[in-house]
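The block underneath contains the structure these notes are about, expressed in structure tokens.
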Amino acid sequence: MYQYEYVSLHTGGGFWVDNSAGEHRDLIARYAAQGWRYAGFVPTRFSSYGGIKELDLVFEKEVP
């Protein structure tokens with residue numbers, strides 16, 4: 001059985017979203033160090049142009 005953790009991440013949702021700060025990479029590395037595995041992402045909010053404004057990063061960990 002697996003336990004799941006969802007971490008919200010704001011992207012802005014515009015056409016020119018700048019992810020160079022690497023917040024998503026920092027989050028994934030931090031959770032990996034705690035034994036979590038990155039499983040994917042789920043868009044949770046969209047802009048009126050269809051861009052992803054927010055998403056949930058999904059992490060999983062096996063529960064003994």
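Please treat every number below as a calculation from the coordinates, not as lab data. Note that the coordinates shown come from a computational prediction; the quantities given were computed from them, not determined experimentally. Please note: Cβ atoms are built from the backbone with ideal geometry, for glycine as well, and neighbour counts cover all protein chains shown.
Quick notes on this structure:
- Entry for percent of Cα pairs over 15 Å apart (calculated from the structure that is shown) out of [x] 44; [y] 62; [z] 54: [z]
- Sequence-separation-based contact order of segment 2-62, relative, with Cα cut under 8 Å and 6+ spacing, percent: 50 percent
- Cα-based helix-to-principal-axis angle, 23-33 vs the chain, degrees rounded to 10: 0 degrees
- Distance between modelled label sites at Glu5 and His24, nm, 7 Å Cα→Cβ extension: 1.9 nm
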